[in-house]
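Shown next, in C-alpha coordinates, is the structure this report addresses.
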Amino acid sequence: MANGAEYDLGAAEVLEAEAIGPPGQRRFRLRVTAGQTTASIWCEKTQVSALAEAIQQVLARHRRSNDGRRPTSRPLEPFPDRATHDFLAGRIALGYDEDADAITLFATDIEQEGPNATPTLRVDLDRQAARLFTVQAEETVAGGRPSCPLCKQPIEGSEHLCPRTNGHAEDALAEIGPPEF
(Lines give C-alpha, C1' and ligand atoms only; values in the text may rest on other atoms or scores of the structure.)
Protein backbone atom coordinates (compact mmCIF):
# COMPACT_ATOMS: atom_id res chain seq x y z
CA MET A 1 0.00 0.00 0.00
CA ALA A 2 1.51 3.31 -1.13
CA ASN A 3 0.39 6.53 0.58
CA GLY A 4 -2.99 5.18 1.58
CA ALA A 5 -3.83 3.37 -1.68
CA GLU A 6 -2.94 0.19 -3.49
CA TYR A 7 -1.52 2.21 -6.40
CA ASP A 8 -0.08 5.71 -5.97
CA LEU A 9 0.25 7.39 -9.35
CA GLY A 10 1.83 10.55 -7.94
CA ALA A 11 1.15 13.85 -9.71
CA ALA A 12 -1.23 13.65 -12.66
CA GLU A 13 -0.60 15.68 -15.76
CA VAL A 14 -4.18 15.11 -16.91
CA LEU A 15 -7.51 14.22 -15.32
CA GLU A 16 -10.43 14.19 -17.76
CA ALA A 17 -14.03 13.02 -17.85
CA GLU A 18 -15.17 11.18 -20.94
CA ALA A 19 -18.64 10.09 -22.03
CA ILE A 20 -18.86 7.18 -24.43
CA GLY A 21 -22.02 6.46 -26.39
CA PRO A 22 -25.14 8.36 -27.44
CA PRO A 23 -27.11 10.48 -24.93
CA GLY A 24 -29.26 8.27 -22.76
CA GLN A 25 -26.88 5.34 -23.15
CA ARG A 26 -23.59 6.97 -22.21
CA ARG A 27 -20.93 5.42 -20.00
CA PHE A 28 -18.59 7.70 -18.10
CA ARG A 29 -14.99 7.35 -17.11
CA LEU A 30 -12.27 9.42 -15.56
CA ARG A 31 -9.07 9.31 -17.59
CA VAL A 32 -5.88 9.84 -15.62
CA THR A 33 -2.41 10.26 -17.07
CA ALA A 34 0.53 10.40 -14.67
CA GLY A 35 3.86 9.97 -16.43
CA GLN A 36 3.79 6.64 -18.27
CA THR A 37 0.91 5.34 -16.13
CA THR A 38 -2.73 5.68 -17.13
CA ALA A 39 -6.00 4.83 -15.41
CA SER A 40 -9.57 4.42 -16.58
CA ILE A 41 -11.92 4.86 -13.66
CA TRP A 42 -15.44 4.00 -14.80
CA CYS A 43 -18.19 5.78 -12.90
CA GLU A 44 -21.70 7.16 -13.00
CA LYS A 45 -22.63 10.53 -14.47
CA THR A 46 -23.63 11.69 -10.99
CA GLN A 47 -20.18 10.77 -9.67
CA VAL A 48 -18.49 12.86 -12.37
CA SER A 49 -20.76 15.81 -11.59
CA ALA A 50 -20.31 15.47 -7.83
CA LEU A 51 -16.52 15.19 -8.21
CA ALA A 52 -16.34 18.38 -10.29
CA GLU A 53 -18.47 20.20 -7.72
CA ALA A 54 -16.40 18.90 -4.80
CA ILE A 55 -13.15 19.97 -6.47
CA GLN A 56 -14.60 23.45 -7.06
CA GLN A 57 -15.53 23.67 -3.37
CA VAL A 58 -12.02 22.64 -2.27
CA LEU A 59 -10.46 25.19 -4.62
CA ALA A 60 -12.82 27.92 -3.39
CA ARG A 61 -12.06 27.10 0.24
CA HIS A 62 -8.32 27.31 -0.47
CA ARG A 63 -8.41 30.19 -2.96
CA ARG A 64 -5.12 31.69 -4.12
CA SER A 65 -4.60 35.24 -5.32
CA ASN A 66 -3.10 33.98 -8.59
CA ASP A 67 -6.08 31.76 -9.54
CA GLY A 68 -7.16 34.13 -12.28
CA ARG A 69 -10.08 33.52 -14.58
CA ARG A 70 -11.82 30.23 -15.15
CA PRO A 71 -9.87 28.22 -17.75
CA THR A 72 -11.41 27.39 -21.09
CA SER A 73 -12.10 23.81 -22.03
CA ARG A 74 -9.85 21.96 -24.42
CA PRO A 75 -10.20 18.74 -26.46
CA LEU A 76 -9.50 15.44 -24.74
CA GLU A 77 -5.86 14.41 -24.65
CA PRO A 78 -4.77 11.25 -26.53
CA PHE A 79 -5.36 8.17 -24.37
CA PRO A 80 -4.35 4.53 -24.91
CA ASP A 81 -6.91 1.84 -25.75
CA ARG A 82 -5.86 -0.07 -22.65
CA ALA A 83 -5.03 1.82 -19.48
CA THR A 84 -2.53 0.59 -16.91
CA HIS A 85 -5.35 0.51 -14.32
CA ASP A 86 -8.95 -0.05 -15.37
CA PHE A 87 -11.81 -0.47 -12.88
CA LEU A 88 -15.34 0.55 -11.92
CA ALA A 89 -15.33 3.04 -9.06
CA GLY A 90 -17.45 2.32 -6.04
CA ARG A 91 -16.24 5.25 -3.99
CA ILE A 92 -14.35 8.41 -4.93
CA ALA A 93 -12.92 10.69 -2.26
CA LEU A 94 -10.83 13.86 -2.13
CA GLY A 95 -8.15 15.20 0.15
CA TYR A 96 -6.21 18.45 0.18
CA ASP A 97 -2.52 18.97 1.02
CA GLU A 98 -2.10 22.56 2.22
CA ASP A 99 1.71 22.52 1.96
CA ALA A 100 1.79 21.20 -1.61
CA ASP A 101 -1.42 23.06 -2.61
CA ALA A 102 -2.59 19.82 -4.23
CA ILE A 103 -5.85 17.92 -4.32
CA THR A 104 -5.59 14.17 -3.83
CA LEU A 105 -8.13 11.92 -5.51
CA PHE A 106 -8.76 8.46 -4.08
CA ALA A 107 -10.81 5.92 -6.07
CA THR A 108 -11.85 2.51 -4.79
CA ASP A 109 -12.69 -0.41 -7.07
CA ILE A 110 -16.31 -1.43 -6.52
CA GLU A 111 -15.17 -5.04 -6.11
CA GLN A 112 -13.09 -4.01 -3.07
CA GLU A 113 -15.84 -1.96 -1.42
CA GLY A 114 -16.38 -2.32 2.29
CA PRO A 115 -16.06 -0.30 5.48
CA ASN A 116 -12.31 -0.88 5.74
CA ALA A 117 -11.47 -1.08 2.03
CA THR A 118 -8.17 0.42 0.97
CA PRO A 119 -8.51 2.81 -1.97
CA THR A 120 -7.38 1.22 -5.21
CA LEU A 121 -5.78 4.33 -6.68
CA ARG A 122 -4.38 7.64 -5.48
CA VAL A 123 -3.41 10.58 -7.67
CA ASP A 124 -2.46 14.20 -6.91
CA LEU A 125 -3.72 17.17 -8.91
CA ASP A 126 -2.18 20.59 -8.96
CA ARG A 127 -4.50 23.59 -8.95
CA GLN A 128 -4.39 24.08 -12.74
CA ALA A 129 -5.16 20.42 -13.56
CA ALA A 130 -8.02 20.47 -11.05
CA ARG A 131 -9.51 23.65 -12.49
CA LEU A 132 -9.26 22.30 -16.05
CA PHE A 133 -10.98 19.09 -14.96
CA THR A 134 -13.97 20.91 -13.46
CA VAL A 135 -14.59 22.86 -16.68
CA GLN A 136 -14.19 19.82 -18.89
CA ALA A 137 -16.30 17.56 -16.61
CA GLU A 138 -19.17 20.06 -16.55
CA GLU A 139 -19.20 20.16 -20.36
CA THR A 140 -19.09 16.37 -20.58
CA VAL A 141 -22.00 15.93 -18.17
CA ALA A 142 -24.04 18.65 -19.89
CA GLY A 143 -23.55 17.01 -23.30
CA GLY A 144 -26.31 14.45 -22.70
CA ARG A 145 -30.07 14.69 -22.54
CA PRO A 146 -31.42 17.88 -21.00
CA SER A 147 -32.68 17.67 -17.42
CA CYS A 148 -36.05 18.90 -16.22
CA PRO A 149 -35.52 22.04 -14.13
CA LEU A 150 -38.09 20.80 -11.58
CA CYS A 151 -37.36 17.10 -11.04
CA LYS A 152 -33.83 16.98 -12.53
CA GLN A 153 -34.71 13.79 -14.45
CA PRO A 154 -33.66 13.42 -18.10
CA ILE A 155 -36.21 14.68 -20.60
CA GLU A 156 -37.12 12.07 -23.20
CA GLY A 157 -38.61 13.46 -26.40
CA SER A 158 -40.66 16.63 -26.63
CA GLU A 159 -43.07 15.96 -23.75
CA HIS A 160 -42.14 15.33 -20.14
CA LEU A 161 -44.53 14.29 -17.39
CA CYS A 162 -42.77 15.74 -14.35
CA PRO A 163 -43.59 14.06 -11.04
CA ARG A 164 -43.09 17.38 -9.23
CA THR A 165 -46.16 18.82 -10.95
CA ASN A 166 -48.23 16.02 -9.39
CA GLY A 167 -50.39 15.75 -12.51
CA HIS A 168 -51.53 19.38 -12.35
CA ALA A 169 -49.75 20.51 -15.49
CA GLU A 170 -49.94 18.75 -18.81
CA ASP A 171 -46.47 19.93 -19.72
CA ALA A 172 -44.36 21.59 -17.03
CA LEU A 173 -41.86 22.80 -19.62
CA ALA A 174 -44.59 24.80 -21.35
CA GLU A 175 -45.06 26.76 -18.11
CA ILE A 176 -41.45 27.30 -17.08
CA GLY A 177 -39.70 27.06 -20.44
CA PRO A 178 -36.97 24.69 -21.61
CA PRO A 179 -33.69 24.33 -19.70
CA GLU A 180 -30.84 26.60 -20.73
CA PHE A 181 -27.86 25.07 -22.50
TODO: Go ahead and set up a Gaussian network model of the chain, Cα springs under 10 Å, then flag whichever of Leu121, Leu150, Leu94 fluctuates most.
DONE: Leu150
Task: Paramagnetic label zone (point 7 Å from Cα along Cα-to-C-beta, Ala100; backbone N under 12 Å) in the range 116-143 - done: 122-127
- [ ] Could you list which residues have their amide H under 5 Å from that of Cys162, counting only those 5 or more apart in sequence or on another chain, with H placed in the peptide plane?
- [x] Ala172
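Want the number for Lys152 to Glu139: 0.36 nm per residue separation, take away the alpha-carbon distance, what's left?
Values: separation 13, 0.36 × 13 = 4.68 nm, distance 1.69 nm.
Result: 3.0 nm gained on full extension.
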- [ ] May I have the extent of the alpha carbons of the range 58-139 along their three principal axes, as whole Å values ordered from largest to smallest?
- [x] 41, 31, 20
TODO: Treating only the Cβ atoms of Lys and Arg (+1) and Asp and Glu (-1) as charged, compute the dipole magnitude of the chain about its Cα centre; round to the nearest 20 debye.
DONE: 280
Task: Among beta bridges that DSSP assigns inside the chain, antiparallel share in %, nearest 5 - done: 80
Open item on the list: How large a share of the accessible area of the range 1-160, in percent, is made up of carbon and sulfur atoms when the probe is 1.4 Å and the other protein chains stay in place?
Closed with: 47
TODO: Grab the alpha carbons of the chain, take their convex hull, and tell me the volume per residue in Å³.
DONE: 157
Open item on the list: Using a 10 angstrom Cβ neighbour count of at most 10 plus a DSSP loop assignment to flag exposed trypsin sites (Lys or Arg not before Pro), which longest range of the chain is free of such sites?
Closed with: 83-151
Task: Among Ser49, Ser40, Ser147: highest mean-square fluctuation, GNM of the chain, C-alpha pairs under 10 Å - done: Ser147
Open item on the list: Please compute the per residue accessible area over the range 71-113 with all protein chains in place, 1.4 Å probe, rounded to a whole number of Å².
Closed with: 63
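The values are calculated or read from the model by the stated rules, or taken from the named source; none is laboratory data. Please read these numbers as outputs of a predicted model, since none were measured by experiment. Ideal geometry is used to build each Cβ from the backbone, glycine not excepted, and the neighbour counts take in all protein chains shown. Surface accessibility is based on the protein's heavy atoms, side chains included, excluding ligands, DNA and RNA. Shrake-Rupley method; radii C 1.70, N 1.55, O 1.52, S 1.80 Å.
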